[in-house]
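Inspection log for the structure reproduced underneath, given as structure tokens.
The values are calculated or read from the model by the stated rules, or taken from the named source; none is laboratory data. None of the values given here were measured: they were computed from a predicted structure. We place every Cβ from the backbone using ideal geometry, glycine too, and count neighbours over all the protein chains shown.
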Amino acid sequence: MPSLNPYLSFQNQARSAMTFYQSVFGGELDISTFGEFEGMVQDDAEKDLVMHAQLTSPDGFVLMGADTPTGMPYAKPAGISVSVSGDDEASLQGFWDKLVDGGEVVMPFDTPPWGGRFGMLTDKFGIDWMVALNASQS
């Protein structure tokens, strides 16, 4: 079955960001660098940059990311947010508390008009997040 997963682009911060997301969501983080693959490095100073990282959390989240080498154009992420939602309020509150550390609250994680809880933030790496506790269906 196909899957749809966020793939985040960074500029020299992928390792720090993906390690941070592992501390938020838990799970296994696999990181490959440009230097591990022959012919992928044009500048030796970039051999330790992340060519591909994949975090697979115990909850089944898959988050991927990479650094953008200087030879390629880089644009800061804009117009997209990574969304985390579910029914486990304690887990979602924990994700919120960790993601917002060093970041900026856009909309507090609180009760919106449609019920449940919802919040928006930009983390310390400039990635926008939405956290949503599903409204009760009763």
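Of SER23, SER3, which residue is among the hydroxyl-bearing types (Ser, Thr, Tyr) and part of a loop (DSSP other than H, G, I, E, B)?
Being among the hydroxyl-bearing types (Ser, Thr, Tyr) and part of a loop (DSSP other than H, G, I, E, B) holds for just one of SER23, SER3, which is SER3.
Does ASP110 fit the bill of being closer than 16 Å to ALA14 by Cβ, of a type in the set (Asp, Glu) and touching a strand residue (DSSP E or B) at 6+ places or on another chain (Cβ under 7 Å)?
no
Residues are listed down the side, and each one gets a yes or a no for (1) in the same structural domain as PHE109 (by TED's automatic domain parsing); (2) within 30 Å of SER136 (Cα to Cα); (3) at pLDDT 95 or above:
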| position | (1), (2), (3) |
| --- | --- |
| ALA17 | no, no, yes |
| PHE25 | no, yes, yes |
| LEU29 | no, no, yes |
| SER32 | no, no, yes |
| GLU36 | no, no, no |
| GLN42 | no, no, no |
| VAL50 | no, no, yes |
| THR56 | no, yes, yes |
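Any idea which of (1) under 14 Å from the mean Cα position of the chain (by Cα); (2) surrounded by fewer than 18 Cβ atoms within 10 Å (Cβ to Cβ); (3) of a type in the set (S, T, N, Q) is the one GLN42 doesn't satisfy?
Failing condition for GLN42: (1).
Of all residues in region 96-138 being within 14 Å of the chain's Cα centre (by Cα) and among the charged types (D, E, K, R), which is surrounded by the fewest Cβ atoms within 10 Å (Cβ to Cβ)?
It comes out as ASP101.
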